[in-house]
Structure formats: structure tokens, C-alpha cells
1. Could you please let me know if Lys71 is in contact with a helix residue (DSSP H, G or I) (Cβ under 9 Å, 6 or more places away or on another chain) and in a loop (DSSP other than H, G, I, E, B)?
2. Could you please find all residues in region 182-213 being under 19 Å from the mean Cα position of the chain (by Cα) and of a type in the set (A, V, I, L, M, F, W, C)?
3. Would you mind stating whether Gly195 is in a strand (DSSP E or B), in the same structural domain as Val236 (by TED's automatic domain parsing) and either surrounded by fewer than 21 Cβ atoms within 10 Å (Cβ to Cβ) or at pLDDT 95 or above (or both)?
4. If a residue counts only when it is touching a Pro at 6+ places or on another chain (Cβ under 8 Å), which helices (runs of 4 or more DSSP H) contained entirely in region 217-276 have at least 1 such residues?
5. Can you confirm whether Val297 is surrounded by 18 or more Cβ atoms within 10 Å (Cβ to Cβ), in contact with a strand residue (DSSP E or B) (Cβ under 8 Å, 6 or more places away or on another chain) and in the same structural domain as Gly19 (by TED's automatic domain parsing)?
6. Just to be sure before I move on: is Arg374 assigned to a helix (DSSP H, G or I), surrounded by fewer than 20 Cβ atoms within 10 Å (Cβ to Cβ) and not acidic (Asp, Glu) in the structure I sent?
7. Select from region 294-333 the residues that are part of a loop (DSSP other than H, G, I, E, B) and either free of Cβ contacts under 8 Å to residues at least 40 places away in the same chain or among the aromatic types (Phe, Trp, Tyr) (or both) and list them in ascending order.
Amino acid sequence: MPLDQQELGQCDVLVVGGGPAGSTVATRLVELGFEVVLVEKDRHPRFHIGESLLPLNVPLFERLGVADAVKAIGMPKWGVDFTSPVHDRTVMFEFADAWDKRLPYSFQVRRSEFDHILLKNAAAKGVTVIEGCRVTALDLDQDDGVEAVAKDDAGQERRWRARFLVDASGRDTLVANRLGLKERNRRHASAAIYGHFTGARRQEGQAGGNISIFWFDHGWIWFIPLSDGTTSVGAVCPPEYVKSRTTDVTTFFQQTLAQSPQLTERIAGATLVGQATATGNYSYVSSAMRGRNYLLVGDAFAFIDPVFSTGVYLAMSSAFHAADAIATALRQPQEAERTLARFEANVRRALSRFSWFIYRMNRPALRDLFMNPRNLFRLQEAMLSLLSGDVFRPSPVHCRLTLFKGLYYAKAAQRKLIARAPRAA
């Protein structure tokens, strides 16, 4: 049934969520000539984890007109280094060595500042931005649009009718929860514990802005330097490991970090700012991404293990594609189904390209390949392109990554044969 019609606002597109996905899709839709209302439950700036961006983000900043603003708050990130206790060494990769040499860097950012830049930009471009307002009810079943009810932080109720809804609500997964679409990622369940340190030791020179990844027995740990001297540190582990804790979260976090000797050296003498935070249900996917009058974008659709820092890039890149698809669907209704289906297929394909590697990131065979890089057939350049975010556009990288997968399967089979071989007396 339609929602109560009292004080019903009107717009072409209602966007729920003011993170990178919501701000990007709203800005692009306004540029395409649509009237857009964006409703955000919090007031920016607000805290958010996920501070590491990819080189393919940089062209998106330029398209939005926020490149200079992001540069002003960002820590330049020229590469990534991996440390494996099994191999007892660190291997560094620089984005300048990727297949596409035009994108040699990205940034580490405080998400409170970064997300605020994107939201202010959306408002400046003509998006009606309403903060401190949480959507509490939706009617998605109408033939010619959607209706939504929200409550602001003063307790006042607000209502809208729109031709189309974009769910960019992030981990709140507004539509997926309401429609029962959200599913735990059965192939890669994970949880995270994280905090921020001052005084952590960084790499020397240009590498000081690199993201560092440390493997340990229960998963991996991130080390992300920020421009104000703070370092974001977090561990991604199986949920069972996090549930096994018998102490408070902060003590458990410190005990977890201590399991990596190399990471321990980097934070020796550093100070944890405040308490650690734990979050479960870290990896999930929705069984559907679209309906007749709505799309799920960014984390509202799916979130995968953040080892490759994919979250913000997938959110923003898919938001650009979503805006173009919505524009076609609204202006050419006869093309709506085909256009939205194509959008969903493209996003699922990009997600799959990242996921294959992420699902195997803690397996010995893939770790061996990462810790012993070779550029035979330009495979290392292709891997660096993946780490840069090159998953949407057509590229010769993809066939090289298929070859890399073949090497992985051969390496995994070899390890199994060695493990099964009888040992000499």
C-alpha cells in the first residue's frame, strides 16, 4: 500500500546514504539533469573505517572535481608491501610498475574527511542533501516509483516519492535487509578488529605512505599511514577466532597484533588512541542487486575482505555506472530491464575478479606466488593492475590474470604432491 501522502516531497531519484557510493551516484545524476535528494542518517564528518584508496580512484576524483581537495588531506600511497612469516621477508610492489603506467599512486585518507569532501561536493553540484535523517519505511512495489519515510534527529518525520531509489546505505544494507536478500559470504566469512596508533614506525622515503600487509596464523593485518601521523591498524580473521576472545576487545586486539613479530616492531613504542573496535559479519553479498525501481550500490550490495582496499573504489566506480544506467532507465523505459541487467552483470564481474584472489589470499600457494614475484609474460604487471583496481574496463590484463590462476593451480597441486610424498627414513 502507498505510504501516507501527508507532506510528500517529490524528486526523480532518492539516494539513501551519503558515503562514497551515495555521494558519487547523486552527483553524477544531477550532472545528467535529474533532481536528486540524498538522505544520510549521520552528520558529516563522521568516523568510518577503510582508509586506503586505489590508483583507479584518482580519475574518478578528477571527474567529480574533488582531486585537489582529496590531495590536500591524503597521504600519497605509491605501493603496497606484503610480509610473510613463512618466507621471513617483505616484498614491495609499486603501482608505477603496473600494466598502465599512467596511474602510479593513490592516497590513504581519513574517511571522515574524505567522505565529507564528496558529500559537500554533491551539495555544491545541486544535490539536495539531508543529514541526520534515517529512512524507516519503504514502498518499492509501485509501478511508477518508490516512496520512503524517514525520521530526522529531531524526531520529525519526512516523506518522499521518487521515480527511482538508490540504496547506498553501506553496511546498513537497507533494502537487502528489508527484502531478505543479504547473505553471509559462505566462501569467505571474516571479522575485523582495528584501532589507530600514534608513533608507529613507517617505511623510509616515498614508501612511507605504503599500505603494509602482514600475514599471521589467523589471517592478515593492515597498516595504513595517514597524513596527520596516525596509523590505522587492523586484523581480519575468521569470525570463530574473534569469538574465542576471553578478554576485552582492546586487550584481545593487542594480543592479536603481537602474533606478528614484524608488525610488533613497527608499533613498538606506539600509542593506541582510544579503544579497539571489533566488527563481525564482515563479508556478505545480496542475492539481487536491482528491482524495477531501485538499485543497490557499493556496500549496500556486497562487501568482501578488504585486503586489496577495494571497498571505496568499487563503491565509486559502480556508482558512476549506476548513474548512467538509471538515466537510461528513466529516459528510455523500454530499455530499463536490459540496461539495469547489464549494470548488474558488470558489477558482479568486477567483484568476481577481485574475489578469486581474495578467497585464496591466506592459502600457501598464492602466498608463495606473491612472495616470489616474477614478470614472466608480464604477470607481475597484471597483478599490480589488479591491485590498482583495473577490473571494470576492457584490458589485456584479464587474460594475464587467467594465466596467473593457472600457475596458482599448478603450484597448489605441486604442494599437495609434496605433502603426500613419503618421507625418507
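1. Numbers: in contact with a helix residue (DSSP H, G or I) (Cβ under 9 Å, 6 or more places away or on another chain): yes; in a loop (DSSP other than H, G, I, E, B): no.
When the stated conditions are applied, Lys71 does not pass them.
2. The answer is Ala189, Ala191, Ala192, Ile193, Ile211, Ile213.
3. It is true that Gly195 is in a strand (DSSP E or B), in the same structural domain as Val236 (by TED's automatic domain parsing) and either surrounded by fewer than 21 Cβ atoms within 10 Å (Cβ to Cβ) or at pLDDT 95 or above (or both).
4. Values: elements: 239-243, 249-257, 261-267.
The qualifying helices (runs of 4 or more DSSP H) are 261-267.
5. On the way: surrounded by 18 or more Cβ atoms within 10 Å (Cβ to Cβ): yes; in contact with a strand residue (DSSP E or B) (Cβ under 8 Å, 6 or more places away or on another chain): yes; in the same structural domain as Gly19 (by TED's automatic domain parsing): yes.
Yes.
6. Working: assigned to a helix (DSSP H, G or I): no; surrounded by fewer than 20 Cβ atoms within 10 Å (Cβ to Cβ): yes; not acidic (Asp, Glu): yes.
Against the criterion (assigned to a helix (DSSP H, G or I), surrounded by fewer than 20 Cβ atoms within 10 Å (Cβ to Cβ) and not acidic (Asp, Glu)), Arg374 does not qualify.
7. To start, the set of residues in region 294-333 that are part of a loop (DSSP other than H, G, I, E, B) comprises 297, 301, 304-305, 309-310, 332.
Once the filter is applied, which keeps residues that are part of a loop (DSSP other than H, G, I, E, B) and either free of Cβ contacts under 8 Å to residues at least 40 places away in the same chain or among the aromatic types (Phe, Trp, Tyr) (or both), region 294-333 yields Phe301, Gln332.
For every residue, the table says whether it meets (1) surrounded by fewer than 22 Cβ atoms within 10 Å (Cβ to Cβ); (2) polar (S, T, N, Q).
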position: Gly219; (1), (2): no, no
position: Trp222; (1), (2): no, no
position: Ser227; (1), (2): yes, yes
position: Pro238; (1), (2): yes, no
position: Phe252; (1), (2): yes, no
position: Thr256; (1), (2): no, yes
position: Ile267; (1), (2): yes, no
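The values are calculated or read from the model by the stated rules, or taken from the named source; none is laboratory data. Bear in mind that the values here come from a model prediction, so they are computed numbers and not experimental data. All Cβ positions, glycine included, derive from the backbone under ideal geometry; neighbour counts span all protein chains shown.
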